[in-house]
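Enquirer: One structure, pasted below without further comment.
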């Protein structure tokens, strides 16, 4: 559930640093209060926020697409970089990473 909340906020901000700071300040005390280990809580918030960089509207993907398209204009036979394709290329590994992280977190919490 926490991972979905992080992804949801990432979707609206587009920047992973903002997500980590905002959710870290709000959710970290709650995770500690619920007796989750401190290292696990910090790790899950940090990695969950940083995974949002692969999901649209990701500011780094947009900037990369714009800069790459501008540099490709000077080359012959070069195709422009499509930001839509970058979003698709980032979303697929992002979903896989999110699923793996959710499975790991569930197994880890069951062992506690």
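Enquirer: State yes or no: is residue 80 within 17 Å of residue 5 (Cα to Cα), surrounded by fewer than 18 Cβ atoms within 10 Å (Cβ to Cβ) and at pLDDT below 80?
Expert: Working: within 17 Å of residue 5 (Cα to Cα): no; surrounded by fewer than 18 Cβ atoms within 10 Å (Cβ to Cβ): yes; at pLDDT below 80: yes.
When the stated conditions are applied, residue 80 does not pass them.
Enquirer: Also: Quickly run through region 10-24 and pick out the residues that are in a helix (DSSP H, G or I), surrounded by fewer than 19 Cβ atoms within 10 Å (Cβ to Cβ) and modelled with pLDDT under 70.
Expert: 11, 12, 13
Enquirer: Considering only region 24-48, state which residues are touching a residue at least 24 places away in the same chain (Cβ under 8 Å) and farther than 16 Å from residue 110 by Cα.
Expert: 24, 27, 45, 46, 47, 48
Enquirer: With the requirement that a residue be in contact (Cβ under 8 Å) with a residue 40 or more places away in the chain and over 14 Å from the mean Cα position of the chain (by Cα), what does region 73-112 give you?
Expert: Those that are in contact (Cβ under 8 Å) with a residue 40 or more places away in the chain and over 14 Å from the mean Cα position of the chain (by Cα): 105, 108, 109, 112.
Enquirer: Could you tell me how many of the residues in region 37-72 are within 15 Å of the chain's Cα centre (by Cα) and buried (at least 19 other Cβ atoms within 10 Å of the Cβ)?
Expert: The number of residues fulfilling the criteria is 10.
Enquirer: Which pairs do you get when a residue that is free of Cβ contacts under 8 Å to residues at least 60 places away in the same chain, found in region 49-71, comes within reach of a residue that is outside any helix (DSSP H, G or I) and surrounded by 15 or more Cβ atoms within 10 Å (Cβ to Cβ), reach meaning Cβ atoms under 7 angstrom, with the pair 6+ apart or on two chains?
Expert: As it stands, the answer is 57/14; 58/14; 59/14; 59/15; 65/81; 68/81; 69/81, since those pairs meet every condition given.
Enquirer: Across region 54-64, what is the number of residues that are assigned to a helix (DSSP H, G or I) and closer than 12 Å to residue 89 by Cα?
Expert: 2
The values are calculated or read from the model by the stated rules, or taken from the named source; none is laboratory data. Predicted model only: the values in this text are computed from it and were never measured. Every residue, glycine as well, gets a Cβ built from its backbone with ideal geometry; the counts of neighbours run over all protein chains shown.
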